Amino acid sequence: MTTYFGGSFGARVDSRLAGLFNAWVVNWAQMYDCRLGVDRVPELLALVEREDDAEAWTELGYRLILEHDLLSPASLAALPRLVRLAAGSTKARHLAGAIMERAASHHDRDELLAGSAEVIVEFGALLDRHLQSRPADYLLTFRALLAVQE
């Protein structure tokens, strides 16, 4: 059964997934990070939303990306908040890009990725605008954009 949710894109979302994850509501008790925790990622996201804390960004990276290619449910659940920060934060843009690069490979969480389709489109547009400025982080941004288009 598919349920339609409002929003700027009028996205279709499978109703059985809506309770687990969508771009606006996350049940963090079910979103394990790469260290098998469920409480630190939302705390760290709240901290980096308030201030640019280098230690929080480092820990967030360790909790959202493991061993170069592995993601956790928390990685994809954090994506909407990271994308919201990405316009004004290089660290958020790079971390969201790294998540998208890994999400382009097999990770066994496609239902979570599908639930954030609007956010991925938004992130792609943000990356495209950033690339047009010929930034110093052009290669990282270009790789992230390729992953978004994957």
**Q.** Label point distance in nm, GLN149-ASP128, each placed 7 Å from Cα along Cα→Cβ
**A.** 1.0
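Given a cut-off of under 8 Å on Cα pairs at least six residues apart, what relative contact order in percent is computed for segment 32-150?
Working: 129 pairs, mean separation 27.7, N = 119.
Computed value for segment 32-150: 23 percent relative contact order.
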Q) How much length is gained if the chain between ASP39 and TYR62 is pulled fully straight, taking 0.36 nm per residue apart and subtracting their Cα-Cα distance, in nm to one decimal? A) 6.9 nm
Q. How big is the accessible area of VAL38 in square angstrom, nearest 10, if you roll a 1.4 angstrom probe over the protein chains?
A. 50
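The values are calculated or read from the model by the stated rules, or taken from the named source; none is laboratory data. The structure displayed is predicted, hence computed values, not measured ones. Neighbour counts run over all protein chains shown; Cβ positions are idealised from the backbone, glycine included. Just the protein is used for accessible areas: all its heavy atoms, side chains included, with ligands, DNA and RNA removed. Shrake-Rupley method; radii C 1.70, N 1.55, O 1.52, S 1.80 Å.
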